[in-house]
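Report on the following structure.
The values are calculated or read from the model by the stated rules, or taken from the named source; none is laboratory data. Just so we're clear, the structure is a prediction, and the values are computed from it rather than from any experiment. In this analysis, Cβ positions are derived from the backbone assuming ideal geometry, glycine residues included, and neighbour counts consider all displayed protein chains.
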Amino acid sequence: MTLTSLQRLRVYVGIVDAGSVSAGARALGITQSTASTQLRQLEVEVGSLLIERTGRHFAPTEAGNVLLAHARRLIVVADEAVDDLAKMSLRPLTGALVVGATTTTTEGSFLPATLRKFTAAYPEVTLDLRVENSTTLLRKVFDGDVGVAILADEVDSPLLTVVPLAPEEQTVIVSRAHPLAGLSGDSRTLRGSVVLLREEGSATRRFQESLLESWKIPLVRTWTLASTGAIVSAVAEGLGMSFLPRVACQDALASNRIAELNLDPLPSPRPVSLIHRNDRHLSRAEEHFLALVADGIPTTTHSQQGVTP
């Protein structure tokens, strides 16, 4: 395979991941006409139609899906080769660092501070922070789309290296007008309450559901919102109560938009971990990022044993 063919594969993967030629071109930093030309040339080279376009429908063909899987692997191997050659030289660190993170881990001080230190130390590295819920993030780590990720969730897989970080403290929040605002109570005092939950697939949602199951609030009702920020705003307006990481609520608590409820028993802290695949070649950028993580918080690196998601 020539370097030209490899570039066409990069364009093809970028188009598929972005969902359209125009979006793929923007993500790759090239013109739409260049992306279209590269795609057509690749289709001629492999002798197959790779993407089916019918009205609003845009998806890889059967041949396109086969090539897509191989293309991802080829790109990874090519990038590893370039990175290994870079390690042999003493040139400045360049390239890209892709870090995945769940929403609440970006709201604390640790991840932003670590990324700030990284960008200050390696200004020629492009940072790509991808914020997803834990289910999506785990899938991207296993698929190789994200090399390293920080998530607030229980992670149990023999295929992953898991680095425990400082856990997330949890709190119960209500509106300032709630009769129990700032007071103590138990599940019986919350009879008939509306509890606001994150979306399905979120580790926060699973944690919230486990608390509901243990507390057994009588006649509880649940509503779903798609972000912690939306939940905090809804709680402030008196639409319900919720259980969230303290870091996600700290600004609203400090400004007295919401109040805490000392519910018995209090929610336990939630584990936070940095993960990456055991069998994945770490780039120089990823190695330096992991070193900064290790310097920032005392950790013990180990491979968790369990069932692969």
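Results, tabulated for the structure shown:
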item	result
Of the criteria (1) at pLDDT below 90; (2) more than 26 Å from Gly144 (Cβ to Cβ), which one Gln305 fails	(2)
Every residue from region 108-145 that is of a type outside the set (S, T, N, Q) and over 16 Å from the mean Cα position of the chain (by Cα)	Ala113, Arg116, Lys117, Phe118, Ala120, Ala121, Tyr122, Pro123, Glu124, Val125
Test: residue in region 173-195 that is surrounded by 20 or more Cβ atoms within 10 Å (Cβ to Cβ), part of a loop (DSSP other than H, G, I, E, B) and either charged (D, E, K, R) or assigned by the TED database to the domain that holds Ser283 (or both)	no
Cβ-Cβ under 8 Å pairs, at least 6 apart or on other chains, region 1-30 side surrounded by 15 or more Cβ atoms within 10 Å (Cβ to Cβ), far side of a type in the set (Phe, Trp, Tyr)	Ser20/Phe58
Set Ala254, Ala234: member being in contact with a strand residue (DSSP E or B) (Cβ under 6 Å, 6 or more places away or on another chain) and either at pLDDT below 90 or over 24 Å from Leu151 (Cα atoms) (or both)	Ala234
Conditions (1) exposed (fewer than 14 other Cβ atoms within 10 Å of the Cβ); (2) not in a helix (DSSP H, G or I); (3) not small (Gly, Ala, Ser); number of the one not met by Arg116	(2)
Matching entry among Ser48, Ser33 (being loosely packed, with under 14 Cβ neighbours inside 10 Å and hydroxyl-bearing (Ser, Thr, Tyr))	Ser33
Val13 vs. criteria modelled with pLDDT of 90 or more and closer than 29 Å to Glu287 by Cα	yes
Any hit, region 57-78, residues being basic (Lys, Arg), surrounded by fewer than 14 Cβ atoms within 10 Å (Cβ to Cβ), closer than 26 Å to Ser283 by Cα and out of contact with any strand residue (DSSP E or B) (no Cβ under 6 Å at 6 or more places or on another chain)	yes
Number of the condition not met by Val141 [criteria: (1) part of a strand (DSSP E or B); (2) among the aliphatic types (A, V, I, L, M); (3) buried (at least 21 other Cβ atoms within 10 Å of the Cβ)]	(1)
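Okay, residues lined up against (1) assigned by the TED database to the domain that holds His178; (2) of a type in the set (Val, Ile, Thr); (3) surrounded by 15 or more Cβ atoms within 10 Å (Cβ to Cβ):
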{"position": "Arg205", "(1), (2), (3)": "yes, no, yes"}
{"position": "Ser214", "(1), (2), (3)": "yes, no, no"}
{"position": "Val220", "(1), (2), (3)": "yes, yes, yes"}
{"position": "Ala226", "(1), (2), (3)": "yes, no, no"}
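Here's the yes/no breakdown for (1) modelled with pLDDT of 90 or more; (2) farther than 27 Å from Ala226 by Cβ; (3) within 17 Å of the chain's Cα centre (by Cα):
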residue: Gly147; (1), (2), (3): yes, no, yes
residue: Thr189; (1), (2), (3): no, yes, no
residue: Ser193; (1), (2), (3): yes, no, no
residue: Leu196; (1), (2), (3): yes, no, no
